[in-house]
Structure formats: C-alpha cells, structure tokens
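Report on the structure given below.
What follows draws every value from the coordinates through simple rules; no lab data is involved. Not measured: the values here are computed from a predicted model. Ideal geometry is used to build each Cβ from the backbone, glycine not excepted, and the neighbour counts take in all protein chains shown.
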Amino acid sequence: MEKRNLTCIGCPLGCALEVTMDQTTVVSITGNTCKRGADYAAKEVTHPTRIVTSTVCVRGGAIPMVSVKTEHDIPKEKIMDIMKCINALTVDAPVHIGDVLLSDIAGCGVNLIATKEVL
Amino acid sequence: MNSYDIVIIGGGPAGLAAAVSAKKNGIDSILILERDRELGGILNQCIHNGFGLHTFKEELTGPEYAKRFIDQVTELGIEYKLNTMVMDISTEKVVTAMNRTDGLFHIEAKAVILAMGCRERSRGALNIPGYRPAGIYSAGTAQRLVNIEGFMPGRKVVILGSGDIGLIMARRMTLEGAEVKVVAELMPYSGGLKRNIVQCLDDFGIPLKLSHTVVDIRGKERLTGITLAQVDEHNKPIPGTEEDYECDTLLLSCGLIPENEISRAIGVDINPVTSGPSVNESLETNIPGIFACGNVLHVHDLVDYVSEEAASAGKNAAKYIKGGMKTADARKEITIQATGGVRYTVPKTIHIANMDDEITVRFRVGGVYKNCYISAYLNDERIIRRKRPIMAPGEMEEVKLKKSVLEAKHDLNEITIKIEEEA
C-alpha cells in the first residue's frame, strides 16, 4: 500500500488529503471535507485534470481581449497544447458569456467558452 | 444638488453586493460611483477560476462572478456612473466626484458605503536597492496588461512575494510562454492560498524560495537581472547566500493595502493593523451613516466573503436610513480584544442592540499555528473553542457570535478572541 499526500485544489480551503493506493487502485481517501475533495483526489492520483483559463484576441471590441475557459476539466498534460490553440485564435466582437469559441479543443472533447462579455 | 439615500464608492464586488442588498432591504435611491470603464472591479482581470463556490455552489471565473452581480444591479434598476472618480466626501456626506460628461459635481447622501478596495504595495514601499529600470511591475499591473490589454510584460520572470496574485501570475505568464524562474518569499511561509501553490507553482515546476528576498536589481534601461538572498529570522539578508538570476521582468506581489485616502480625509478612524476603518457590528465607521466593506475594510482572500460582508453593510445602511439603528450608547459598546496570535478583528466593537441574530467576526493570525484552537471569551467565560489543524497569516479565519448568547451574559464588558494551544 502506498500513501500519497495532496492538497485539494477544489476550493480555497485547500484540505490536506491522504490517498491510500494499491498499485493503481484507490483504496481510501481521507482528509477531504466534501465530495469534491474525494473526486479530486481520485482523479489526481490516476489521471490529473485541470480547467484552463486564458484570453483570446477580439477584433472590433471595446477591449482587445476576451477571457475564456475550458468548459470542463482537461487532462493536465494537454495544458500546453490547449494554450497553442487558444493563442492561434482571434474572434470578432460581440462575444457573450458562454459563447463557444472553439469546439473539441486540442482533441480533448471539451469546448472553449467565453467568460466575459466584450461588445 | 442631486441626492440619494445611499451612495456607494466603488463598483467592484463589495460595492455591487452592497447595492443589491440595500435595494432588497427596501432602499430605492442608490447610486454606485465607479472609476473604471466597467463595473466588476478587480474581478475583470481575475480570469482564473475558483470564485463563487460558497455563494453560487459552482466554480466561476472572476468576470463570470462579477456578471452575476452586475446582472442583479441591472435587473433591480440600480443607478451607477462609470469613469467617475470620487474626490472627497464631507462630514455632512456630500460626495464630490468628477467625470468627463458631468464635470465636477456634488451628491448629497444619507448614507455612504465605502467599497474602494485596495491596492498593491509598490517597489518604493519595499525599499529594494538597485537600479530603477523598466520591467518591474506589481503582479496586478502585469495581470491587467496580460488579461485585459493583451500585452506580455516580459519573457524571463522572477516574482517577489507569494501573495495569491503573484502565484496566479506565475502560472499565467508560464501559460503565455514566459519562463518563470523563481518565486521568492521573505517570510518562512507563503502569503497565498495552498491551492495556488499546488496548481500555479507545483504544476509547472516553478520553485518557491521561502525566507528569500531581492537584494539587488540590475539593468539601466531594461531590467537585466536580480540577486536573491536568504534572510535570517529578523528578515535580514544572510551574506554569502546571494544568487544571481538573469531576467527581464520582476513582478512584486508583496501585500495589499486598503485604499483609504478618502476615508481618512473624512475623519474615519483607521485601524493601524488592517489599514482599514475600525467598524462596529453594523460595519459602520466612527462616523454615523458611513459604512465600509470588502478590501477597503480589510484585505480578503475570498471574494465570496467580500460579497457576504458587503451584503451585510448594504442591509445595515438600509436599516440606518429607515431609522432602525439604535443610537450607539458608548457604555453599551463592547470591544473585541484580539490577543494571543489574533492580529485584529472585524468588527472591532459590538453594540448588542444593533446586532443581527448572529454575526461573523473575521480575523487573521500573526503566524503559522498547527493543531491550535480558536477561542472566544465573554469576560472570563470561554464560549467557543474550535480546533483548527492549521492556521496561517495568508488565510482569513472567522468565528460566529450569537446575539442570544451575548445578551444572556450578565455584565458583559469584554469579548476576547485568541488562539490557544492544546492544553
């Protein structure tokens, strides 16, 4: 049995988690104060994921950039591939919160959506 | 002269939540004055996620969180003026402000809510020796440049200070292709949230050097490098520990200071520990009818708590206007003593008659405490003892006090909040 100590990133509480592993199987998770913590720990030791947030250039808007995020979490090792797609993109104003700016980004099956309104 | 029941100074998270709450508590005549070109304040440049878990039970980015409140302000028909700078507030609550369309103008207010937020400690305030080349930015300035203006401040970056904005910018600059060489922190602990150490530094292999500071800055036109050194327990650099880093950018994330120039000019008492107003249970300053909330009151880590605090300020301002506030009787005002590791409390005084059924007392501790207790005493009687596995100056703590408990205490003249070791 292997024990791994993690800090939960699910919310700003930052709970100290301890995951007990048997090879690649999670045996137990302790230290979490909510279900999100358990979910995070189980993912983090098997296939870690993150939400990526960044900005995309806007043509003809009141400001030159619109903030974006991946609609769901993506595999951690894909972060830089996703940044390449984001940086190659320019969109036209107006942009609204929730607009899909790129679908299936970097083949992750996740959409890139706007998080700000730029008129 | 125009007049409003409540004038709110600042349209960031605190100002917005205060306005919404005042309106919902029956006040129709409200004006928000905001100096930026849009409402939302600092949230507009905080494009990372993690906001709103407490308030909306979902994880939002800064602009999305702001939009939730901006939409409420719009739906409730609350008035606001953008690009407007408040110059002065008189003791009679006449607000002097200016903008390009109205010029200089005065507004009469029955109550004022201070919600101006805070600003970053600058290089000048840090006394870092060396040259003064281009390439030295506060972390928040860099954040605005990257996220709103669309400029990269530099390519090889060193960050001094491990406040949350510094950690967030370490990740942000890395994502945009910069090389973040190191984050140095003067104190032996990080000033930011643990989650940000994990997802902003560890994820990208960026080293965090605790008990280190910048002792030299090189470069005449543009920054060419800095020298880091380890510091001793008195925060003095230890000779022989110097290390040179080649970089074109130095970001400073060394603390936030509530922006209280206007408050001071009106005569609002400022708590030297927080640099924010001293307030009572209603978040009212020493000047009746002037309230404060958010980062102008004390610097928060979580916007959710700012919204909660501001909603309380808005509700209390509404109560004040409707004449529901019991006139403060100095004899009945109880001071909260912050001792034993507790640096300050907000509020600082409590007038039980004006208290809600329960109030949240927020504070920060002065050092790192492991397996200690947060205790609250009424006179000498301990009423709360809550174990905390870890407490650090970077994370705000709270205790809740119930009105019924305070009322039931005979001859209550002092409330004490302190950190106690296992005994």
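Database note for chain A: Cys without another Cys beta carbon under 4.7 angstrom, A:11, A:34, A:57, A:85, A:108. FRET efficiency for the pair residue A:30 and residue B:220, taken as 1/(1 + (r/R0)^6) with r the Cβ-Cβ distance and R0 = 41 Å, rounds to 0.15. Here the protein assembly as shown is assigned +1 on the Cβ of each Lys and Arg and -1 on the Cβ of each Asp and Glu. Its dipole about the Cα centre then comes out at about 180 debye. Which ordering of A:25, B:213 is given by a fewest-first count of other beta-carbon atoms within 10 Å? In increasing order of surrounding Cβ atoms, one gets A:25, B:213. Projecting the Cα atoms of A:109, B:151, A:79 onto the charge dipole of the protein assembly as shown (Cβ charges, centred on the Cα centre) puts B:151 farthest toward the positive pole. Working from label points 7 Å from Cα in the Cα-to-Cβ sense, the residue B:189 to residue A:62 distance is 4.2 nm. Taking Lys and Arg as +1 and Asp and Glu as -1, the other residues whose beta-carbon sits under 10 Å from that of residue B:292 total -2.
Using C-alpha pairs below 8 Å separated by at least 6 residues, the relative contact order for region B:201-272 is 21 percent. For chain B, complete DSSP H runs whose alpha carbons reach 24 Å or more along their own long axis and whose mean Kyte-Doolittle score is -1.0 or higher are B:303-321. Please give me, ordered by residue number, the trypsin sites (Lys or Arg not before Pro) of region B:1-104 that lie in loop per DSSP and have at most 12 other Cβ atoms within 10 Å. Hits after loop and neighbour filter: B:37, B:57, B:100.
Grab the DSSP H runs of chain B that are 4 residues or longer, score each as -39,500 (n - 2.57), total them, divide by all residues and round the 222 nm result to the nearest 500 deg cm²/dmol.
-5500 deg cm²/dmol
Classification of region B:290-423 by its C-alpha gyration tensor yields an oblate form. The axis ratio a/c (a ≥ b ≥ c) is 1.5 or more, and b/c is at least a/b. Each label was represented as a point 7 Å from its Cα along the Cα-to-Cβ direction; for residue A:89 and residue A:72 these points are 1.7 nm apart. In vacuum, with every alpha carbon of chain B counted as one equal point scatterer, what does the Debye formula give for log10 I(q)/I(0) at q = 0.06 Å⁻¹? Two decimals, please. Summing over Cα pairs of chain B leads to -0.26.
Taking the Cα centre of region A:1-89 as origin and charging only Cβ (+1 Lys, Arg; -1 Asp, Glu), how large is the dipole, in debye to the nearest 20?
It works out to roughly 300 debye.
Simple point charges give the picture: +1 on the Cβ of Lys and Arg, -1 on the Cβ of Asp and Glu, and for chain B a dipole about the Cα centre of about 80 debye. In plain terms, the bigger the Kirkwood radius, the slower the diffusion; for region B:225-301, with that radius from Cα pairs, at 25 °C and 0.890 mPa s, Stokes-Einstein puts D at 157 µm²/s.
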